[in-house]
Amino acid sequence: MAETAQLRLGEKTIDLPVIEGSEGETAVDIRNLRSETGAITYDPGYANTGSCQSSICFIDGEKGILRYRGYDIQDLAANSSFLEVSFLLIYGTLPTPSQLEYFTRSIRIHTMLHEDFKALFQSLPKDAHPMAACSAAVGALATFYPDSLDPRNDRQVEISVHRLIAKLPTIAAYAYKHSLGQPFMFPRNALNYVENFLHLMFANPCEDYEPDPVVAKAIDLLLILHADHEQNCSTSTVRLVGSSMVNLFAAISAGINALWGPRHGGANQEVIEMLAAIRDEGMTAREFVDRAKSADDTSRLMGFGHRVYKNYDPRAKIIKGACDEVLNKMGVHSKLLEIAKELEEIALKDDYFIERKLFPNVDFYSGVIYNAIGTPANMFTALFALGRLPGWIAQWVEYHGDPDFKIGRPRQVYVGETARSYQPLDER
Ligand code: CMC
């Protein structure tokens, strides 16, 4: 690989260094472009722009490969747990038994929320979207822990990281309980991470509740599969917001808002609504696929397509398998799963989807599992946020330790009015 690239602009030719990643990806380093030529690059949607060098997550979108810290997602899905994967992402290595014990214990003892949080949730309307409630509550953590907000103090960062991982399930479940008008449950720290989340969501003070191990295992798997995905929209948001040196809670709150959008994590809610609409309106899968292709219709086949994957998303493959397994074990027959499989079969044979390399993504089947276990559709994206949290944290931590750390501040190509004189109001 050449060590430099040459760029000719007008009369001037400049050499630009070339960087090669450990998996052979090539990047042209344009840091001196503007100082040497006066020009900037233009790349809407950043489809060709590397914003950082990172050693957390590797994706080969053509081959459908995803690895966290070098470990294949299939391997982690089959053998690991969400907290172990969280440790791996944040600290860079698989934990030893004593490291995992320390980490898990620390997460366990931070699950409770300050009692005053109840007032925060109670001040929201009953139909508040859980993502808005989660982002508000995570932002509010900064007001409860003003002693641990310094992004360059290792101990303060560690305690904030553990608090976030411990408290986000409690926050998400409170958002749900508030929408039902049910009492908030206290965490049960004897349970594991996912069982405790199920308890917070589905238990009530009047009855005994034991989380179903089949459901807990399925959710743990889904959290692993969502845990990181390199520089996607919400992760880039966390890095960009974090680059202002704001505290971790504020950066994660921003990430939650970015994830909410239907082109990103919000797609999992939209997929289940799409499947339910097909079922309830008596539409055929073929009719819906035709609508999604039509230039006159704004519908998209939600849960299909990806900026990076031009092949089957490896996470979708694992989730599809898990759907069959979990639903069988629970004895649930899902019409929605049937419709999803039918849509997939039609789309994968359709020229429109073949030409554009549109395959099922992580959101296509995940909602079928969430739905089967009784999670309301508007909570799906909050579950995505629970999963993505360690990835956001790992990327935030990595950026703060990066020798190239600086505030994110893109440029623009200005296309507005050139200088003009102010007209007094009575002359307009
Ligand atoms: N249904 C129908 N057409 C589609 C779809 C779809 N799901 N996705 C892309 N296309 C078409 C799009 O209309 C465009 O066609 P044309 O070239 O004729 O204009 C072409 O494919 C390229 O699409 P794009 O929007 O320019 O591609 P992108 O890389 O900017 O967008 C995407 C990627 C994920 C936003 C898009 O595929 C999409 O909107 N998918 C549906 C929403 C979704 O499932 N999002 C979850 C993404 S994975 C999890 C996550 O990131 O949170």
Point to revise | Spatially proximal lysines relative to residue 406 (Cα-Cα < 30 Å; intrachain offsets below 8 disregarded) | key: 12, 167
Practice item. May I ask you to derive the FRET efficiency for residue 25 and residue 296 from their Cβ-Cβ distance with R0 = 35 Å, giving the value to the nearest 0.05? Key: 0.35
Practice item. Report the FRET efficiency, 1/(1 + (r/R0)^6), for residue 212 and residue 280, where r is their Cβ-Cβ distance and R0 is 25 Å, rounded to 0.05. Key: 0.35
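Just how large is the dipole of the stretch 196-301 about the Cα centre, in debye to the nearest 20, putting +1 at every Lys and Arg Cβ and -1 at every Asp and Glu Cβ?
Once rounded to the nearest 20, the dipole reads 500 debye.
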Check your understanding: Of the cross-linked pairs 217/317; 329/357; 217/335; 177/341, which ones have a Cα-Cα span greater than 27 Å in the structure shown?
Key -> 329/357; 177/341
Exercise for review: Quick one: which residues, 5+ away or cross-chain, put their amide H under 5 Å from the amide H of residue 5? H built at 1.01 Å from N.
Suggested key: 16, 18
Point to revise | Square roots of 5 times each gyration tensor eigenvalue, C-alpha, the chain, largest first, Å | key: 36, 29, 24
Exercise for review: At 7 Å along the Cα-to-beta-carbon direction for both residue 317 and residue 412, put a label point, then send me their distance in nm to one decimal.
Suggested key: 4.3 nm
Study note, to complete from the structure: For the stretch 197-203, in residue order, the Karplus 3J(HN,Hα) values (coefficients 6.51, -1.76, 1.60; θ = phi - 60°; whole Hz; Gly and Pro = x) are 4, 5, 4, 4, 7, 10, 7
Practice item. Rounded to the nearest Å, what's the spacing between the alpha carbon centres of the stretch 200-259 and the stretch 277-299? Just the number, please. Key: 31 Å
Check your understanding: In nanometres, what is the gap between the two model label sites at residue 428 and residue 115, each 7 Å from Cα along Cα-to-Cβ?
Key -> 5.5 nm
Study note, to complete from the structure: Karplus ³J(HN,Hα) for the stretch 345-360 (6.51 cos²θ - 1.76 cosθ + 1.60, θ = phi - 60°; Hz, whole; x = Gly/Pro) runs 4, 5, 5, 5, 9, 9, 4, 4, 6, 5, 4, 8, 6, 9, 10, x
Exercise for review: Would you mind checking the tilt of helix 314-330 against the longest principal axis of the Cα atoms of the chain, expressed as 0 to 90 degrees and rounded to 10?
Suggested key: 10 degrees
Study note, to complete from the structure: Once all protein chains are kept in place, residue 280 shows an accessible area at probe 1.4 Å, nearest 10 Å², of 110 Å²
Practice item. Compute the distance in nm between two label points, each set 7 Å from the Cα along the Cα-to-Cβ direction, one at residue 150 and one at residue 188. Key: 4.1 nm
Practice item. Please determine, in degrees from 0 to 90 and to the nearest 10, the orientation of helix 130-144 with respect to the longest principal axis defined by the Cα atoms of the chain, where the helix direction is its Cα long axis. Key: 80 degrees
Check your understanding: Taking the Cα atoms only, what angle lies between the long axis of helix 233-242 and the longest principal axis of the chain, rounded to 10 degrees?
Key -> 70 degrees
Practice item. Find which of 272, 102, 18 sits farthest along the positive direction of the dipole of the chain, computed with +1 on the beta-carbon of Lys and Arg, -1 on that of Asp and Glu, about the Cα centre. Key: 102
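The values are calculated or read from the model by the stated rules, or taken from the named source; none is laboratory data. Note that the structure is predicted; figures quoted are calculated from it, not measured. Note that each Cβ is placed from the backbone with ideal geometry, even for glycine, and that neighbours are counted across all protein chains shown. Accessible surface is based on the protein model in full, side chains and every heavy atom, while ligands, DNA and RNA are left aside. Shrake-Rupley method; radii C 1.70, N 1.55, O 1.52, S 1.80 Å.
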